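The values are calculated or read from the model by the stated rules, or taken from the named source; none is laboratory data. None of these values were measured; they are calculated from a predicted model. Cβ sites come from the backbone with ideal geometry, for glycine too, and all protein chains shown count toward neighbours. Surface areas here come from the heavy atoms of the whole protein model, side chains and all, with no ligands, DNA or RNA. Shrake-Rupley method; radii C 1.70, N 1.55, O 1.52, S 1.80 Å.
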Number of protein chains: 6
Amino acid sequence: MNKADKSIKTAGKAAIVKPAAAKPSLLAIKGGKPAAKAAAAKPVPLKSASPAADDAPVIALNLPMAKLTPAMAAYFKKCQDRLGFIPNVLVAYAFDMTKLEAFVAMYNDLMLGESGLSKLEREMIAVAVSSQNRCYYCLTAHGAAVRQYSGNPLLGEQIVMNYRAARLTKRQRAMLDFAVKLTAQPANVEDGDRERLRRAGFSDRDIWDVAAIVGFFNMSNRIASATDMRPNTVYHGQAR
Amino acid sequence: MNKADKSIKTAGKAAIVKPAAAKPSLLAIKGGKPAAKAAAAKPVPLKSASPAADDAPVIALNLPMAKLTPAMAAYFKKCQDRLGFIPNVLVAYAFDMTKLEAFVAMYNDLMLGESGLSKLEREMIAVAVSSQNRCYYCLTAHGAAVRQYSGNPLLGEQIVMNYRAARLTKRQRAMLDFAVKLTAQPANVEDGDRERLRRAGFSDRDIWDVAAIVGFFNMSNRIASATDMRPNTVYHGQAR
Amino acid sequence: MNKADKSIKTAGKAAIVKPAAAKPSLLAIKGGKPAAKAAAAKPVPLKSASPAADDAPVIALNLPMAKLTPAMAAYFKKCQDRLGFIPNVLVAYAFDMTKLEAFVAMYNDLMLGESGLSKLEREMIAVAVSSQNRCYYCLTAHGAAVRQYSGNPLLGEQIVMNYRAARLTKRQRAMLDFAVKLTAQPANVEDGDRERLRRAGFSDRDIWDVAAIVGFFNMSNRIASATDMRPNTVYHGQAR
Amino acid sequence: MNKADKSIKTAGKAAIVKPAAAKPSLLAIKGGKPAAKAAAAKPVPLKSASPAADDAPVIALNLPMAKLTPAMAAYFKKCQDRLGFIPNVLVAYAFDMTKLEAFVAMYNDLMLGESGLSKLEREMIAVAVSSQNRCYYCLTAHGAAVRQYSGNPLLGEQIVMNYRAARLTKRQRAMLDFAVKLTAQPANVEDGDRERLRRAGFSDRDIWDVAAIVGFFNMSNRIASATDMRPNTVYHGQAR
Amino acid sequence: MNKADKSIKTAGKAAIVKPAAAKPSLLAIKGGKPAAKAAAAKPVPLKSASPAADDAPVIALNLPMAKLTPAMAAYFKKCQDRLGFIPNVLVAYAFDMTKLEAFVAMYNDLMLGESGLSKLEREMIAVAVSSQNRCYYCLTAHGAAVRQYSGNPLLGEQIVMNYRAARLTKRQRAMLDFAVKLTAQPANVEDGDRERLRRAGFSDRDIWDVAAIVGFFNMSNRIASATDMRPNTVYHGQAR
Amino acid sequence: MNKADKSIKTAGKAAIVKPAAAKPSLLAIKGGKPAAKAAAAKPVPLKSASPAADDAPVIALNLPMAKLTPAMAAYFKKCQDRLGFIPNVLVAYAFDMTKLEAFVAMYNDLMLGESGLSKLEREMIAVAVSSQNRCYYCLTAHGAAVRQYSGNPLLGEQIVMNYRAARLTKRQRAMLDFAVKLTAQPANVEDGDRERLRRAGFSDRDIWDVAAIVGFFNMSNRIASATDMRPNTVYHGQAR
């Protein structure tokens, strides 16, 4: 092993935290919706909540955290309690409460709210889109979620690498084909594409949800890439 | 003129409504934020508020409008009062109040909230991104906004067609180069790209805002393409 | 509005000339063919014929106008009389009479000569090709022509932005699909593509004409981009 | 050798005609310009002028030859006398004299008229552009021309295959880099690209000529691909 | 969880075998070179050597295993002894001993033979190339190798997802930039690219090795994709 | 002819060697397999075996030839005897006998060993792949092979330029469509693609062979491009 190899080894190893048991993933906590009138005002002490190796800046922009609003403080506390950590994307947005609240509201509605799509399906879309855009943050966080929700570690890897290698149902395949086309060639999506989703059993409301999740991750992928957002290292070991 | 030509002519002509005077454009109304305690509860009668030719469905999905929440009813009324119409993207989202409110909150913060970017600059980003993705809805609505904010009809056209043809300041050019690269090749954005923005005078907070707007329109472009969203015809004649 | 915004506004506004009434567009004047024995020898005084704001150089190359041949002087005069201006592409070519005459001869035959394609259809091809190549000059000049010939301002905008968003007849859609494929992937055009045009009602002669117009604008788009050719500002306001 | 292999062999072999001696190539004959005062009115009997194997249709469209105008009859005769054959592109255009004359006028001016570019350089551009577009007709005909003008058979092959593999002068490399960029990404050509040509010794008039030739072959490549135009087989053996 | 989700879960879970301890990975066993004089003639009983869930066909082509030559039988035995399994790529090639031996000879020389590149660096190239080509088999097998050789699980994930997100040394970055360019745009690699490697400390022999490994995985990725080659499931859990 | 043109002419002309009679091409000599027990130990004096103009370095890396092993010396001698020259790719690999032997073993098995694909078909794949990758070395060497094996000079040119322009059998077309898709978009190859080959008469073993040859030339193209490998000039004149 040459010197360069060794420095990588040293830098990376300690950072992996294997959680004792798989827990609900990501931002998977309802209640962050704007209405949350929660009292909880004391900001979560972020430093202590994260493993040592995560002390590195979350993004490549210098944007100090603002004081959490009561609603967001309560939300961060829930994340800490249930996940054992605050997802870094929330830390990244926390320089501005208006932006954080808008992001959380949209995220929670899309990924955890009512929908004809299962939560696994929504995470599969997240990963297929993020693979197309090669987004390190989202592939890491949402790849873990696919592993968790499916109980199938391989499925998560396959969608990260090339969703065409996964053994999907016809419904799932139609869904991811649409997601990837809408990501790569949005201008070419037309009636025929919607019709294919309908033939695979998706309602018009489901089609909206697919489109909205594809859109959301095309947004998030770009914000993550633009800011060099780093995922919590804990994701890597989850649900393997 | 052959027959096919004629049918197009007949169909399209009446639809154009030239507004008597240019007004603030788009969703450009503050106050739609979730907290909006507004009383205004009577839903805006959408049919009568829109010109006849806009009776065509706004999107290619069958998603009937839900009852507006008081906050959203007030917001729609403001749109009607100040713009003379309800932007079709709002009508499209109005099948679900949670989604509509999340969209409006994020949109208004990004495009109308505090920022080191002028409103014109934000609209220029919206159009440059939408041109890359060839999004008919967003090019129409935000092309009009660039024409209005700049008072320069040519500038709007140029960014719709090819932003490189516009006579931009160095700052604007750096901003749009970043926006287009982040749109077309998000995986390739790195430190050097952020550095170029800093050298052009953008603060780290400004860089976040550029990235967030680029992300937002990469989302909206895809939702519009996935649903065949049609812009209000009134945009076409605005600020020419 | 920040300073940069203002300078754009100042520079651009005055340049827009809204023509009192829509007139036949572009180079749409027969008779420029080489044989034209016309007497008219006095060169058109170009400066006075153009609006003030068009004093900026037409292209980014320093190529002084040559003395017009009698045929070309007559042609320029016709343009001035009927359009109210000389299209800048003609001014650009006017540094060399052989090149100008060859261009005019080919243009007028393709766009105004006998053909199974309507003039609107030819302009639709011009715009769809130019959109693919993002050519500012041709999108501006021929977008105006589509608006004029169709009497449908929206149609012009739609083909500039994304022809798939336009409500086209099957014939028009087949024609533009062929045009865009031939533009973007010429090496992949094969028998099946020609067959699709035939099934949509195009004769072999029509197919030649489609191909020749696609070819012509792939040429013109590149000459315009290579020279930074600027369209007459008057186009922007035409037939809105 | 299997059966399929054999049928190809049979079909192809006889078709190659090795010319006794290299002659000036292509359309390389001045005087086809519209003014051509030539008397020569009797149309060249095309069938006898071409080698047997060239009896296959020149294009995949059924467009019977028209009666040649005196100017074009004279031009075809010159081709036959000097080259020993009529280039198939001329045969293809000969269904319509206006189109043929416009094409010949433009071609002869660009490729054989006065210019700061040598004829070899113009042919190098033709081949580099046609390689980018993978145009069988133009690579065959103009590849032969590069072999002839340069007296260097390898150079022709290299530009057909990948111009970056050729040992070019700085001037030639700058010229072909510009040609290939203008072909592949016309919307991205800007001042810097023109500046690079100027630094390599090209005048503004030379830049126009480069652009015009690039444009012309982007047109011709597409007409050839759209019609499946077949080159005269004689080109294959020329100047090897 | 809906039905489709469940079937995936059932199918995938049992398949993961977490090795008690990390062992040398892949084909990482010298001695498979053609000369191998080994006696070992009894073919490895493949079925028993693989975990139950790997009973699925290794590739989507029906190519029954041939009798192993003594050299290959010895090689398979070594794999079994040291790795605990036979890498599926070897099983795939084992329908033909000439092909298997040629593959093993080339693989072992490139990845395990003498070189100025460390074994980790070679695996990093393998993964960066396979990420560009989105090859499920190679990303899985060689991603595990990067995790093992580096002792840094994150590094493996990062290069799978987007090597630009990894914190690389200048040498490693130059190496992977070259690898990805050579993969994505081989025709554009020129002297400048080689020079950049030299400036990063690579000798000419090292450059050959980089090129040869890039070439090898561009071959293997395509054979794997063409045959739908499935990686041993054991890789997924290795060195996490 | 300007000066730059002339220098090219001088440099290239003498280099072309027209072989008196077509001979078996390339590496087309069996017996280079590792087992080769040949005694022949005296290394072929490479300088004298090659024409003068080939004295230029074979690759852009400084890698001196090693002493040939007896097997390789015998193989080089056979090349010299039968082809009249040593293919430069062998010279390039000859800095390291392990690499040379592995390359020769794999090459000879794929291109000359038993297969359901004719030798012509294998060369057609080689050229179609190399055209996609624009590899000067492989197009030159294998283009000559297609000309030789088919006895149809045009066929070789067509596949170099654009295989879609060749008049292929259905079988050949299916084969090259697969080869080009696997080259350009390996991640998208799926069951349907294999099925298309089966329907065109290819067995599963044939499909492996197609894939392996496509893979091999995707490797060789990249090694050639990475090292600027120059083909023997003799290829250019072969089988015209």
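How far apart are the B:G113 label points across copies, placing each 7 Å from Cα toward Cβ, in nm, shortest first?
1.8, 5.9, 5.9, 6.0, 6.3
Need the per-residue list for segment E:121-163: every residue with at least 40 Å² less accessible surface in the complex of protein chains than in the chain by itself, probe 1.4 Å, sorted by number.
The answer is E:R134, E:Y136, E:G151, E:N152, E:L154, E:E157, E:M161, E:N162.
In peptide D:226-237, what is the residue-averaged number of other protein chain Cβ atoms found within 10 Å of each Cβ? Let's see the in-between values first.
On the way: counts 17, 7, 6, 1, 3, 3, 0, 2, 0, 2, 7, 2.
Shielding by partners across D:226-237 averages 4.
Please report Rg over Rh for segment E:95-240, where both radii come from the alpha carbon positions and Rh follows the Kirkwood definition.
0.95
Take the Cα of A:A66, step 7 Å along the line toward its Cβ, and report every residue of segment B:194-215 whose backbone nitrogen sits under 12 Å from that point.
In segment B:194-215, the label zone of A:A66 (backbone N under 12 Å from the point 7 Å along Cα→Cβ) covers no residue.
Among A:K77/B:K99; F:K67/F:K99; D:K181/E:K170; A:K99/B:K67, which pairs are too far apart, with a Cα-Cα distance over 23 Å?
The answer is A:K77/B:K99; D:K181/E:K170; A:K99/B:K67.
How high is the relative contact order of segment B:100-240, given as a whole-number percent (alpha carbon pairs under 8 Å, six or more residues apart)?
After rounding, I find 35 percent.
Average partner chain C-beta neighbours within 10 Å, per residue of B:205-215?
For peptide B:205-215, the averaged partner shielding equals 6.
Can you list, shortest first and in nm, the gaps between the label point of B:K67 and those of its counterparts in the other copies, using a point 7 Å from Cα in the C-beta direction?
Taking the point 7 Å beyond Cα along Cα→Cβ, the inter-copy spacings are 3.9, 8.2, 8.3, 8.4, 9.6 nm.
Select the chain E residue whose beta carbon lies nearest to the rotation axis carrying chain E onto chain B, and write the distance in whole Å.
Nearest Cβ to that rotation axis, in whole Å: E:Q185, 8.
Which distances in nm, rounded to one decimal and ordered from shortest, link the label point of C:R198 to the equivalent label points in the other identical copies, with labels set 7 Å from Cα toward Cβ?
Its label point is 3.3, 3.3, 5.2, 5.8, 6.3 nm from the equivalent points in the other copies.
Among the trypsin sites (Lys or Arg not before Pro) within segment B:88-153, which fall in a DSSP loop and have no more than 11 other Cβ atoms within 10 Å of their own Cβ? Please list the in-between numbers first.
Numbers: sites: B:K99, B:K119, B:R122, B:R134, B:R147; in loops: B:R134.
Qualifying residues, ordered by number: none.
Provide the per residue accessible area, probe 1.4 Å, for segment E:53-126, rounded to a whole number of square angstrom.
Ligands and nucleic acids excluded, the result is 32 Å² per residue.
Aspartates and glutamates near F:K78 by alpha-carbon distance under 20 Å, same-chain residues fewer than 8 away left out - which ones?
F:D54, F:D96, F:E101, F:D109
Checking buried surface per residue: for segment B:66-101, which residues lose a minimum of 10 Å² accessible area in the protein assembly relative to the chain alone (1.4 Å probe)?
So the qualifying set is B:Y93, B:F95, B:D96, B:T98, B:K99.
Buried accessible area for the B:C pair, summed, 1.4 Å probe, in Å² rounded to 100?
Summing both chains' loss of accessible area gives about 3900 Å².
Go through B:I125, B:L154, B:L110 and say which Cα lies farthest out towards the positive end of the charge dipole of segment B:101-160; charges sit on Cβ, +1 for Lys and Arg, -1 for Asp and Glu.
B:L154
Accessible area of segment B:75-170 with a 1.4 Å probe: how many percent of it is carbon plus sulfur?
Solvent-exposed carbon and sulfur of segment B:75-170 make up 46 percent of the total.
Sort out for me the Cα centre separation of segment B:121-187 from segment C:82-101, rounded to whole Å.
Cα centroid of segment B:121-187 versus Cα centroid of segment C:82-101: 30 Å apart.
Ranked highest first by the average count of other Cβ atoms within 10 Å around their residues, in what order do E:150-161, D:178-189 fall?
E:150-161, D:178-189
Return one whole number: the accessible area per residue of segment B:158-240 in Å², for a 1.4 Å probe.
Ligands and nucleic acids excluded, the result is 27 Å² per residue.
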